[in-house]
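The values are calculated or read from the model by the stated rules, or taken from the named source; none is laboratory data. Everything quoted here is computed from the prediction, not taken from an experiment. Cβ coordinates were reconstructed from backbone atoms using ideal geometry, including for glycine residues, and neighbour counts include every protein chain displayed.
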Amino acid sequence: MAEELAYKPIKISVLLMICIVVLVALVTSFSFLALYIPPQTTVFFQWVGVLLPALLCCNLVFLIIGLYKHSWYSICPFIAILANFHYFTKIVQNNPEQWEETTDIRVATYNVREFKMVYNLSSMEQIAAYIESQHINTLCLQEVPASCTMSELKRTFGQFQYFIMTGNKSGQNQLAILSKFPLDSVQTISFDERPNCAIFADLSYKKHKIRIGNCHLQTTNWNQVKGDLIPAENRRANWLGALNTLSRNFRLRGPQADHLKSVMDKSPFPMLMCGDFNNSPNSYSYHKVKGNLKDAFREAGNGYGYTYSNLMKLFRIDFVFFSGDEFRAINYRTGNVDYSDHLPVLVDFKIN
């Protein structure tokens with residue numbers, strides 16, 4: 001009897017494992033703070049938002065192990081997974097397909113990567129042909145090369161009648177909005193000391209006025225820094241440099257999202273906002289710019305949503321937001337083409 005009541009010390013390895021499980025579950029459970037805490041205040045939660053797929057996988061593994069061993073700590077990863085239900089609805093949807101013969105606005109947003117495919121082959125003609133085959137009537141483009149002129153754009157995308165561009169005076173990539181409907185009241189929004197920007201215009205459709213926006217928030221610079229992570233020499237310094245670069249860009253996107261939202265709030269017309277946000281749906285930028293608008297993927301998407309073809313196709317960083325009282329998204333899809341490192345996002349709208 002005395003032997004049964006004897007104190008049995010917990011092994012250090014078991015205690016360490018429990019600490020890891022609880023810590024990972026705790027960090028995962030508070031991932032929602034990435035939506036509300038500006039990255040210029042602290043960048044920690046933005047990293048949690050980016051790493052959320054990996055954190056959720058870890059919690060799932062811990063949950064399975066805990067249930068198998070009938071351990072009390074399995075409740076921790078279970079709570080962490082439940083706490084992120086809001087995230088699952090942003091990456092997976094099962095909306096009924098609503099194909100209609102007639103749509104009012106069929107919009108596409110596409111980061112064209114300077115019209116360069118693999119081996120830097122030009123993709124401009126292929127993209128124009130693809131957009132025409134999809135019967136798009138309003139197109140938002142990001143990363144149009146500085147060397148591309150308005151006349152070249154009009155010549156290649158001849159199916160559109162109205163064109164606006166941000167201009168290439170700075171020698172940086174441009175934004176463009178192309179439409180079969182009249183565009184006026186053009187406004188370019190510049191972000192402080194950064195080449196990234198946004199462009200707005202008022203689109204006229206029958207008796208309706210719609211303010212359409214196109215933005216490209218601060219890039220992640222992932223394509224630039226990932227090559228530095230491969231060499232064996234100075235690996236620690238390279239990783240620290242890459243993390244600092246990515247963190248700095250998180251901080252830059254926060255004020256850009258604030259500025260963009262302040263401009264959108266002044267719109268006297270229903271809003272249709274497109275662009276490359278360089279952030280996941282579990283980020284401050286997404287939450288701030290979306291505001292009371294609706295996410296087209298959540299309203300009309302199907303399956304797992306991603307728009308960036310690198311990084312194991314884990315991230316949806318290109319969005320289409322719209323005023324839910326005035327529009328109804330009836331179909332959302334991404335193009336199965338490899339003309340860029342992004343996928344084109346195509347959405348059909350009916351005006352209420």
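Take I177 and tell me if it is outside any loop (DSSP other than H, G, I, E, B), of a type in the set (V, I, T) and under 21 Å from the mean Cα position of the chain (by Cα). Even if it seems obvious, please write down each step before you answer.
Values: outside any loop (DSSP other than H, G, I, E, B): yes; of a type in the set (V, I, T): yes; under 21 Å from the mean Cα position of the chain (by Cα): yes.
When the stated conditions are applied, I177 passes them.
Out of all the residues in segment 123-132, is one or more under 25 Å from the mean Cα position of the chain (by Cα), outside any helix (DSSP H, G or I), under 17 Å from L343 (Cα atoms) and among the small types (G, A, S)? Yes; the residues of segment 123-132 include at least one that is under 25 Å from the mean Cα position of the chain (by Cα), outside any helix (DSSP H, G or I), under 17 Å from L343 (Cα atoms) and among the small types (G, A, S). When F32 is tested against the conditions (1) surrounded by fewer than 12 Cβ atoms within 10 Å (Cβ to Cβ); (2) aromatic (F, W, Y); (3) at pLDDT 85 or above, the lone failure is (1).
The set of residues in segment 258-284 being of a type in the set (D, E) and either outside the structural domain of S309 (by TED's automatic domain parsing) or over 29 Å from I351 (Cβ atoms) (or both) consists of D258 alone. Every test in (1) among the basic types (K, R); (2) part of a helix (DSSP H, G or I); (3) closer than 27 Å to D202 by Cβ is passed by K90 save one, and that test is (3). With the condition kept exactly as written, say whether any residue in segment 289-304 is out of contact with any Leu (no Cβ under 6 Å at 6 or more places or on another chain), under 15 Å from T89 (Cα atoms), surrounded by fewer than 18 Cβ atoms within 10 Å (Cβ to Cβ) and among the aromatic types (F, W, Y). Yes, segment 289-304 contains a residue that is out of contact with any Leu (no Cβ under 6 Å at 6 or more places or on another chain), under 15 Å from T89 (Cα atoms), surrounded by fewer than 18 Cβ atoms within 10 Å (Cβ to Cβ) and among the aromatic types (F, W, Y).
Can you find, within segment 35-70, the residue that is surrounded by the most Cβ atoms within 10 Å (Cβ to Cβ) among those that are of a type in the set (V, I, T) and in a helix (DSSP H, G or I)?
Start the filter on segment 35-70 by keeping residues that are of a type in the set (V, I, T), which leaves 37, 41-43, 48, 50, 61, 64-65.
If we keep only those that are in a helix (DSSP H, G or I) as well, we get 48, 50, 61, 64-65.
Numbers: V48: 18, V50: 21, V61: 13, I64: 12, I65: 15.
Residue satisfying both the conditions and the ranking: V50.
Selection over segment 31-56 of residues that are under 14 Å from H86 (Cα atoms) and either charged (D, E, K, R) or free of Cβ contacts under 8 Å to residues at least 40 places away in the same chain (or both) gives a count of 2.
Residue-wise test of (1) among the aliphatic types (A, V, I, L, M); (2) exposed (fewer than 13 other Cβ atoms within 10 Å of the Cβ); (3) at pLDDT 90 or above; (4) not in a strand (DSSP E or B).
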position	(1), (2), (3), (4)
I212	yes, no, yes, no
C215	no, no, yes, no
T220	no, no, no, yes
N223	no, yes, no, yes
D228	no, no, no, yes
P231	no, yes, no, yes
A237	yes, yes, no, yes
L240	yes, yes, no, yes
T245	no, no, no, yes
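Applying the set (1) touching a residue at least 40 places away in the same chain (Cβ under 8 Å); (2) on the phi < 0 side of the Ramachandran plot; (3) touching a strand residue (DSSP E or B) at 6+ places or on another chain (Cβ under 9 Å) to T89 leaves exactly one unmet item: (3).
Answer yes or no: is there a residue in segment 320-327 that is in a strand (DSSP E or B), of a type in the set (D, E, K, R), surrounded by 15 or more Cβ atoms within 10 Å (Cβ to Cβ) and in the same structural domain as F200 (by TED's automatic domain parsing).
So in segment 320-327, the residues in a strand (DSSP E or B) come out as 320-322, 327.
Among the residues that remain, those that are also of a type in the set (D, E, K, R) are: none.
Looking through segment 320-327, none of the residues is in a strand (DSSP E or B), of a type in the set (D, E, K, R), surrounded by 15 or more Cβ atoms within 10 Å (Cβ to Cβ) and in the same structural domain as F200 (by TED's automatic domain parsing).
Under the condition of being among the acidic types (D, E), more than 17 Å from L311 (Cβ to Cβ) and crowded, with 23+ Cβ neighbours inside 10 Å, the residues counted in segment 247-287 number 0. Among the numbered criteria (1) in contact with an Asp or Glu (Cβ under 9 Å, 6 or more places away or on another chain); (2) on the phi > 0 side of the Ramachandran plot, which one does N95 miss? If we test N95 against (1) in contact with an Asp or Glu (Cβ under 9 Å, 6 or more places away or on another chain); (2) on the phi > 0 side of the Ramachandran plot, just (2) comes out false. The single condition among (1) surrounded by 18 or more Cβ atoms within 10 Å (Cβ to Cβ); (2) farther than 18 Å from C140 by Cα that D348 does not meet is (2).
Only one of the numbered conditions (1) touching a Leu at 6+ places or on another chain (Cβ under 8 Å); (2) surrounded by fewer than 22 Cβ atoms within 10 Å (Cβ to Cβ) is not met by Y308, and that is (2). Here is the figure for segment 71-102: residues that are more than 19 Å from T28 (Cα to Cα), modelled with pLDDT under 90 and surrounded by 12 or more Cβ atoms within 10 Å (Cβ to Cβ) total 3.
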